[in-house]
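Got a structure for you, questions after.
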Amino acid sequence: MSIGIVVFPGSNCDRDVRWALEGCLGLPTRFLWHGQADLGDVDAVVIPGGFSYGDYLRCGAIARFAPLLAAVREFAAAGGPVLGICNGFQVLTEMGLLPGALTRNARLHFICDPAPLLVHPGNCGWLGAYGEGERIVLPIAHGEGRYQCEPDQLAALEANGQVVLRYANNPNGSVGDVAGITNSQGNVLGLMPHPERAADPSTGGLDGQRLLTSLRAWVS
């Protein structure tokens, strides 16, 4: 197994993800530079947090045009596991792989706190190790994490079981308390909280570990 971690100019959580996957969980990784044209033989792709291209225009708006993301789009369409964390979630919405948009937090402040969450795994392969309605805590660190979509779109996401993570105490004004959503096939997950920062007791607990380790069973 090899997990590809996309690296943009401005990414700053790529090494955090590598540390969690390799150092804590023993899962091999490979950095994928945004300018390359293909993914190689990776089994999963993670788009990490940070400030891709300096967040010019808006978060993820320039990153969506990176050559590598054309290959990510094809990989996802073929059922490949794709995870977007924080800025990665923003990129996935800008690409259209996930619906909606991430906007400025309700109070216009950057938030860096532990966030209690409720998990509703549905058919999302990334969350197969969690129980329905399970309460976990993952760190958040964002200034533009307020999920927005039209009311009818939110209703459709909820009806299809695609709202897979909700804030227990909504910190940023996201509609429907949305913290993470998946596509209809369940192979693409975008979330604002950082599971890689909750994969070891010395950092932020262990509640994010199962999200990352579920990949091993899923791919095999």
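The values are calculated or read from the model by the stated rules, or taken from the named source; none is laboratory data. Keep in mind that this is a model prediction, so the values were computed, not measured. We place every Cβ from the backbone using ideal geometry, glycine too, and count neighbours over all the protein chains shown.
Looking only at residues in region 144-190 that are of a type in the set (D, E, K, R) and in contact with a strand residue (DSSP E or B) (Cβ under 8 Å, 6 or more places away or on another chain), which one is nearest to L212 (Cα to Cα)?
By that ranking, first place goes to R166.
Still on this structure, I have one more. Sort out which residues of region 141-170 are of a type in the set (A, V, I, L, M), part of a strand (DSSP E or B) and free of Cβ contacts under 8 Å to residues at least 60 places away in the same chain, and write them in order of number.
Pass one, region 141-170, residues of a type in the set (A, V, I, L, M): 141, 154-157, 159, 163-165, 168.
Checking which are part of a strand (DSSP E or B) leaves us with 141, 163-165.
If the condition is that a residue be of a type in the set (A, V, I, L, M), part of a strand (DSSP E or B) and free of Cβ contacts under 8 Å to residues at least 60 places away in the same chain, then V163, V164, L165 are the ones that fit.
Could I ask something else about it? Answer with yes or no whether P81 is modelled with pLDDT of 95 or more, surrounded by fewer than 24 Cβ atoms within 10 Å (Cβ to Cβ) and under 25 Å from A101 (Cβ atoms).
Working: modelled with pLDDT of 95 or more: yes; surrounded by fewer than 24 Cβ atoms within 10 Å (Cβ to Cβ): yes; under 25 Å from A101 (Cβ atoms): yes.
The answer is yes for P81.
Let me ask another. Consider R135 against the criteria (1) free of Cβ contacts under 8 Å to residues at least 40 places away in the same chain; (2) buried (at least 21 other Cβ atoms within 10 Å of the Cβ); (3) charged (D, E, K, R): it satisfies all of them except one. Which criterion is unmet?
Among (1) free of Cβ contacts under 8 Å to residues at least 40 places away in the same chain; (2) buried (at least 21 other Cβ atoms within 10 Å of the Cβ); (3) charged (D, E, K, R), R135 violates only (2).
Here's a follow-up. Of the residues L138, L117, which is in contact with a His (Cβ under 9 Å, 6 or more places away or on another chain) and either modelled with pLDDT of 95 or more or part of a strand (DSSP E or B) (or both)?
L138
Here's something else I'd like to know. Name the residues in region 76-114 that are part of a strand (DSSP E or B), under 24 Å from W218 (Cβ atoms) and not small (G, A, S), would you?
Matches in region 76-114: V82, L83, I85.
Name the one entry in L21, L27, L68, L39 that is touching a residue at least 60 places away in the same chain (Cβ under 8 Å), touching a Phe, Trp or Tyr at 6+ places or on another chain (Cβ under 8 Å) and either surrounded by 14 or more Cβ atoms within 10 Å (Cβ to Cβ) or in a loop (DSSP other than H, G, I, E, B) (or both). Before you say what the answer is, go through the steps one by one.
Values: L21 fails: touching a Phe, Trp or Tyr at 6+ places or on another chain (Cβ under 8 Å); L27 fails: touching a Phe, Trp or Tyr at 6+ places or on another chain (Cβ under 8 Å); L39 fails: touching a residue at least 60 places away in the same chain (Cβ under 8 Å).
Of L21, L27, L68, L39, the one residue that is touching a residue at least 60 places away in the same chain (Cβ under 8 Å), touching a Phe, Trp or Tyr at 6+ places or on another chain (Cβ under 8 Å) and either surrounded by 14 or more Cβ atoms within 10 Å (Cβ to Cβ) or in a loop (DSSP other than H, G, I, E, B) (or both) is L68.
A further question follows. Hey, Q36 hits all of (1) in contact with a Gly (Cβ under 9 Å, 6 or more places away or on another chain); (2) modelled with pLDDT of 90 or more but one; which does it fall short on?
Q36 satisfies all of (1) in contact with a Gly (Cβ under 9 Å, 6 or more places away or on another chain); (2) modelled with pLDDT of 90 or more except (1).
Within region 149-179, can you find the residues that are within 21 Å of R107 (Cβ to Cβ), out of contact with any Gly (no Cβ under 6 Å at 6 or more places or on another chain), surrounded by 15 or more Cβ atoms within 10 Å (Cβ to Cβ) and of a type outside the set (D, E, K, R)?
Y167, N170, P171, G173, S174, V175, G176, V178, A179, listed by residue number.
Which numbered condition in (1) in contact with a strand residue (DSSP E or B) (Cβ under 6 Å, 6 or more places away or on another chain); (2) over 21 Å from P171 (Cβ atoms); (3) surrounded by 20 or more Cβ atoms within 10 Å (Cβ to Cβ) is the only one that A63 fails?
Among (1) in contact with a strand residue (DSSP E or B) (Cβ under 6 Å, 6 or more places away or on another chain); (2) over 21 Å from P171 (Cβ atoms); (3) surrounded by 20 or more Cβ atoms within 10 Å (Cβ to Cβ), the lone unmet condition for A63 is (1).
Restricting to region 180-209, what's the tally of residues that are surrounded by fewer than 21 Cβ atoms within 10 Å (Cβ to Cβ), closer than 24 Å to A76 by Cβ and either hydrophobic (A, V, I, L, M, F, W, C) or within 10 Å of the chain's Cα centre (by Cα) (or both)?
Going through region 180-209 one residue at a time, the tally reaches 0.
Further question: Let me confirm something: among G100, G143, which residue is over 22 Å from N12 (Cβ atoms), surrounded by fewer than 22 Cβ atoms within 10 Å (Cβ to Cβ) and of a type in the set (G, A, S)?
G100
Let me ask something additional. Can S11 be described as more than 25 Å from G205 (Cα to Cα), among the small types (G, A, S) and in contact with a Gly (Cβ under 6 Å, 6 or more places away or on another chain)?
When the stated conditions are applied, S11 does not pass them.
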